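See below for the structure under consideration.
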Amino acid sequence: MAESRRVIVIGSGPAGLTSAIYTARANLAPLLIEGLDAGGQLMITTAVENFPGFSDGVMGPDLMAAMRTQAERFGTTIVQGRVTRVDLGRRPFTVEAEGAEYEADTLIVATGASARLLGLPSERRLMGRGVSTCATCDGFFYRNRPIAVVGGGDSAVEEAIFLTKFASRVTLIHRRDTLRASKIMRDKAAANPKIDFRWNTVVEEVKDVEKGTVTGVVLRDTVTGERSELPLDGVFVAIGHTPNTSLFAGQLDLDANGYIVTHERTRTSVPGVFACGDVQDPIYRQAITAAGSGCMAALDAERFLED
């Protein structure tokens with residue numbers, strides 16, 4: 001028979017673990033299913049210096065380990081592995097994970113969003129060591145240092161402009177000869193004296209894996225095929241995010257980009273199902289905002305059960 005729970009949390013990043021902490025303290029004995037990327041994006045982040053309470057910063061994996069321990073201390077049961085199926089068409093909800101079946105009176109979805117990457121082995125190896133997908137998180141580390149932003153949409157241009165507050169030079173690398181960003185963003189970037197453009201260019205390699213830190217990139221001109229090297233101290237990949245919502249397609253309302261649509265704080269289109277963190281937030285995407293929405297989802301779930 002399926003194990004029955006009052007609350008099941010799917011996802012183990014800041015949003016999922018915070019919702020688990022709050023529902024556990026409310027004596028709801030939540031079950032949290034970690035997913036394949038346990039701990040979320042902070043597990044590939046080195047120093048986190050903007051999370052309140054850590055004046056000297058904290059390593060991303062250490063922060064997630066502490067949150068996990070705290071959730072368990074209050075009575076959260078944590079299951080490793082990924083969810084393979086959910087059925088939100090009947091109550092209680094059904095959740096299948098790693099061959100086991102669970103039933104839930106309420107469900108908190110905190111599956112996050114995955115940053116799109118270039119697909120280079122060197123990019124993966126140097127993630128958190130000069131390669132980043134979050135300018136707001138890591139820009140501070142590049143004061144007076146040359147960096148690059150890869151992308152051509154509004155997010156890439158916005159990050160490039162933001163990074164000029166810190167970097168000595170920002171090179172915006174785009175595979176086409178014109179930006180996809182809105183005109184106002186294009187004009188802002190063109191008017192910024194600290195931004196250079198490399199048009200019709202793709203990154204073929206991030207150097208230097210042997211040194212364990214970014215020292216530059218190998219570029220290829222998509223028109224001429226010519227290769228060149230650009231010395232850098234950091235590379236910010238800004239080619240978008242993909243919300244992890246494939247499980248919920250056709251069951252929850254999603255927006256045009258696949259993010260879960262929430263109403264009245266964290267409520268989804270299905271009563272009793274709540275969403276928090278990056279899976280429903282395409283704008284802020286910060287650990288602290290994810291944690292805050294995890295708290296909101298927990299309180300909303302608790303009130304739903306009381307009603």
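The values are calculated or read from the model by the stated rules, or taken from the named source; none is laboratory data. On a predicted model such as this, the values are computed, not experimentally measured, just so you know. No Cβ is skipped: glycine too gets one built from the backbone with ideal geometry, and neighbour counts run over all protein chains shown.
Miscellaneous remarks
- Cross-chain or 6+ apart pairs with Cβ under 8 Å, segment 279-307 first and under 22 Å from ALA66 (Cα atoms), then of a type in the set (A, V, I, L, M) and in a loop (DSSP other than H, G, I, E, B): ALA290/ALA110; GLY294/ALA110; ALA297/ALA110; ALA298/ALA26
- Condition check for GLY152: modelled with pLDDT under 95, surrounded by 19 or more Cβ atoms within 10 Å (Cβ to Cβ) and out of contact with any helix residue (DSSP H, G or I) (no Cβ under 9 Å at 6 or more places or on another chain): yes
- For THR94, the conditions (1) buried (at least 16 other Cβ atoms within 10 Å of the Cβ); (2) of a type in the set (Ser, Thr, Tyr); (3) assigned to a helix (DSSP H, G or I) all hold with the exception of (3).
- The single residue among THR23, THR18 that is in contact with a Cys (Cβ under 6 Å, 6 or more places away or on another chain), assigned to a helix (DSSP H, G or I) and modelled with pLDDT of 95 or more turns out to be THR18.
- Filtered residues of segment 112-170 (kept if in contact with a Pro (Cβ under 6 Å, 6 or more places away or on another chain) and under 23 Å from VAL279 (Cα atoms)): ALA113
- Failed condition for ALA189, given (1) in contact (Cβ under 8 Å) with a residue 12 or more places away in the chain; (2) part of a loop (DSSP other than H, G, I, E, B); (3) among the small types (Gly, Ala, Ser): (2)
- Of all residues in segment 17-36 being surrounded by fewer than 24 Cβ atoms within 10 Å (Cβ to Cβ) and without any contact (Cβ under 8 Å) to a residue 60 or more places away in the chain, the one that is farthest from ALA100 (Cα to Cα): ARG25
- Options ILE78, ILE147, ILE108; residue that is out of contact with any Leu (no Cβ under 8 Å at 6 or more places or on another chain), part of a strand (DSSP E or B) and among the hydrophobic types (A, V, I, L, M, F, W, C): ILE108
- For the criterion of being modelled with pLDDT of 95 or more and of a type outside the set (Val, Ile, Thr), ARG227 passes.
- Residue pairs whose Cβ atoms lie under 6 Å apart, sitting 6 or more positions apart in sequence or on different chains, and linking a residue in segment 257-275 that is of a type in the set (Lys, Arg) to a partner that is surrounded by fewer than 24 Cβ atoms within 10 Å (Cβ to Cβ), are ARG265/MET296; ARG265/ASP300.
- The single condition among (1) of a type in the set (S, T, N, Q); (2) in the same structural domain as THR94 (by TED's automatic domain parsing); (3) under 28 Å from LEU117 (Cβ atoms) that THR266 does not meet is (3).
- Of the strands (runs of 3 or more DSSP E) lying entirely inside segment 202-307, those containing at least 1 residues that are of a type in the set (Val, Ile, Thr) and under 30 Å from TYR142 (Cα atoms) span 216-221, 234-237, 241-243.
- Residue in segment 227-250 that is over 20 Å from the mean Cα position of the chain (by Cα) and closer than 30 Å to VAL86 by Cα present: yes
- Test: residue in segment 88-98 that is touching a residue at least 12 places away in the same chain (Cβ under 8 Å) and on the phi > 0 side of the Ramachandran plot: yes
- There is at least one residue in segment 64-86 that is of a type in the set (A, V, I, L, M, F, W, C), more than 28 Å from ASP253 (Cα to Cα), surrounded by fewer than 15 Cβ atoms within 10 Å (Cβ to Cβ) and within 21 Å of the chain's Cα centre (by Cα).
- Residues located in segment 32-49, provided they are assigned to a loop (DSSP other than H, G, I, E, B) and modelled with pLDDT under 85: LEU36, ASP37, ALA38, GLY39, THR45, THR46, GLU49
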